[in-house]
Amino acid sequence: MLLVKTAQLQEGCILAEDVIGKSNRVIVPKNTVLDTKMLTVLQKFLVTQVRVQSVLVDGSTFRPSEIIQEDEPKPRVTENKDILTLYLEAVQQYKQMFQSWQSGLPIDIGKVRKMFMPLFEKVLEAEKELLFFHHYCTKSEYLFHHAVTVGLLSGVLAKKLQYTKGDYCQVAIAGLLSDCGMAKVDPKILNKSTALTPAEYKDMRQHTVYGYKMVQKVAALQEGVKLAILQHHERNDGSGYLLNVKEEKIHPYSKIVAVADVYHAMISERPYRNKQSPFKVFEQIHKDCFGKFDLSVVQALSSLLMTLSIGAKVKLSNEQVGEIVFFEQDSPFHPMIKISGTNQIVSLKEERDVFIEEIIK
């Protein structure tokens, strides 16, 4: 982390600590990716210095001309890079590969593995980081953040479902490449900042078939990976697309990627939709598991979220901040919260008008 003067900041800087105002209220929360609007907010509140990450959201190193304090030594070798740096670099490398696919180049699976597997292995050792990657997702680069995070989450869920290492690594690659077919969709549709028209949505849905064709002849990928790319928008009740197949014809890999895909999409900032609370998203997925999603995959996500969230700091919808201290098995989306400052224990199962708005790192 770096302590720098506000004047040294630039777009793409990532806050490493909450920015607190004179009234002790959070002006800009930790993990915020600074843009022009946020920089103006800091100036208006007369904030003179802040702590930021030493890496920008595009994966490059932040090099201000003046540093007040540097809290961590700069990594010297690739193996010592922190997980955030590896994640942001992976997002940018995926972006470069995606642009090459748009130009007509084939998928180089060796290059894909080299980019993704070091990050995946790091996440397997620090799964709690999965709670925070969506903080760094910007609307303009949503597609690339989405691919990397869906890959990571798919692989971790497969491991939790007792898949062998060879298989859960394949599931992770399936999640990473699930939207590779978007490279064949009209860029005007991909970059549109407003809701799609019915015709545009119809074209967008073709990405599953485009993606399948892109990997169909890649010998290094299992057939399940290729089917996951084709089927990750199918649903158990036949309500998905494009083939409208039902549960018995959907590959197990596809069912895992489907849950990871929906979860990350709903908790992230997207070009034409705002992000939603992670626990509200999970509650919706849980309701849909009795028809749309595979129950075992949803239960794996439930177990993962509960395990990783214990002790996590959260912001509630009533502006209070607290710590998750307990989950009841029958209500994984309404935990008990210890409120900061008062140590009062609040049960969200009973306080239904209050919900977790965000998980804070």
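Expected output is a single nm value to one decimal: the length gained when fully extending between Gln344 and Ile83, i.e. 0.36 nm times separation in residues minus the C-alpha distance. What is it? Before the final figure, lay out the partial values.
Numbers: separation 261, 0.36 × 261 = 93.96 nm, distance 3.39 nm.
Length gained between Gln344 and Ile83: 90.6 nm.
Could you give me the ³J(HN,Hα) list for region 32-41, computed from phi with Karplus coefficients 6.51, -1.76, 1.60 and θ = phi - 60°, whole Hz, x at Gly and Pro?
Ordered by residue, 3J(HN,Hα) equals 5, 8, 6, 10, 4, 5, 5, 5, 5, 4 Hz.
Assign unit charges at the C-beta atoms only (+1 for Lys and Arg, -1 for Asp and Glu), then state the dipole size of region 18-162 relative to its Cα centre in Debye, rounded to the nearest 20. Each step should come with its number before you reach the end.
On the way: 19 positive and 16 negative charges, 59 e Å.
Here the size comes out at about 280 debye.
Grab the DSSP H runs of the chain that are 4 residues or longer, score each as -39,500 (n - 2.57), total them, divide by all residues and round the 222 nm result to the nearest 500 deg cm²/dmol.
So the calculated ellipticity at 222 nm is -13000 deg cm²/dmol.
Can you work out the FRET efficiency for the pair Ala199 and Glu223, with r the C-beta to C-beta distance and R0 = 30 Å, to the nearest 0.05?
Plugging the Cβ-Cβ distance into 1/(1 + (r/R0)^6) gives 0.40.
How much accessible surface area, in Å² rounded to 10, belongs to the heavy atoms of Lys280 with a 1.4 Å probe?
About 90 Å², rounded to the nearest 10.
From the phi of every residue in region 342-348, what ³J(HN,Hα) in whole Hz does the Karplus formula 6.51 cos²θ - 1.76 cosθ + 1.60 yield, where θ is phi - 60° and glycine or proline is x?
Listing the rounded values in order: 9, 6, 5, 9, 10, 9, 6 Hz.
If I take every Cα pair under 8 Å that is 6 or more residues apart in the chain, average their sequence separation and divide by the length, what percent do I get for the relative contact order?
Working: 603 pairs, mean separation 42.8, N = 361.
RCO, the chain: 12 percent.
Given a Förster distance of 25 angstrom, what is the FRET efficiency for Lys22 paired with Glu319, based on the Cβ-Cβ distance and rounded to 0.05?
Details: r = 17 Å, r/R0 = 0.68.
The formula returns an efficiency of 0.90 here.
Please name which of Phe290, Ser303, Gly341 has its Cα lying farthest along the dipole of region 279-349 towards the positive end, using unit charges on Cβ (Lys, Arg +1; Asp, Glu -1) and the Cα centre as origin.
About the Cα centre, the residue reaching furthest to the positive side is Gly341.
Of the accessible area of the chain, with the probe set at 1.4 angstrom, what percent is carbon plus sulfur? Display every interim value, and only then the final one.
Numbers: 8540 of 17290 Å².
Carbon with sulfur: 49 percent of the solvent-accessible area.
Whose amide H sits under 5 Å from the amide H of Ile360, counting only residues 5 or more places off or on another chain, with H placed in the peptide plane?
Lys313, Val314, Lys315
Straight-line reach from Lys280: which lysines have Cα under 24 Å away, leaving out those fewer than 8 places along the same chain?
Of all the lysines, those that pass the test against Lys280 - Cα under 24 Å, at least 8 places apart if same chain - are Lys30, Lys128, Lys139, Lys160, Lys255, Lys292, Lys313, Lys315, Lys338, Lys349, Lys361.
State, to one decimal in nm, how far the label point of Lys188 lies from the label point of Gln284, with both points 7 Å from Cα in the Cβ direction.
Result: 2.9 nm between the two label points.
The values are calculated or read from the model by the stated rules, or taken from the named source; none is laboratory data. All values reported here derive from a predicted model rather than from experimental measurement. Because the Cβ atoms are built from the backbone with ideal geometry, glycine has one as well, and the counts that use them run over all protein chains shown. To get the accessible areas, we keep the full protein, side chains included, count just its heavy atoms, and leave off ligands, DNA and RNA. Shrake-Rupley method; radii C 1.70, N 1.55, O 1.52, S 1.80 Å.
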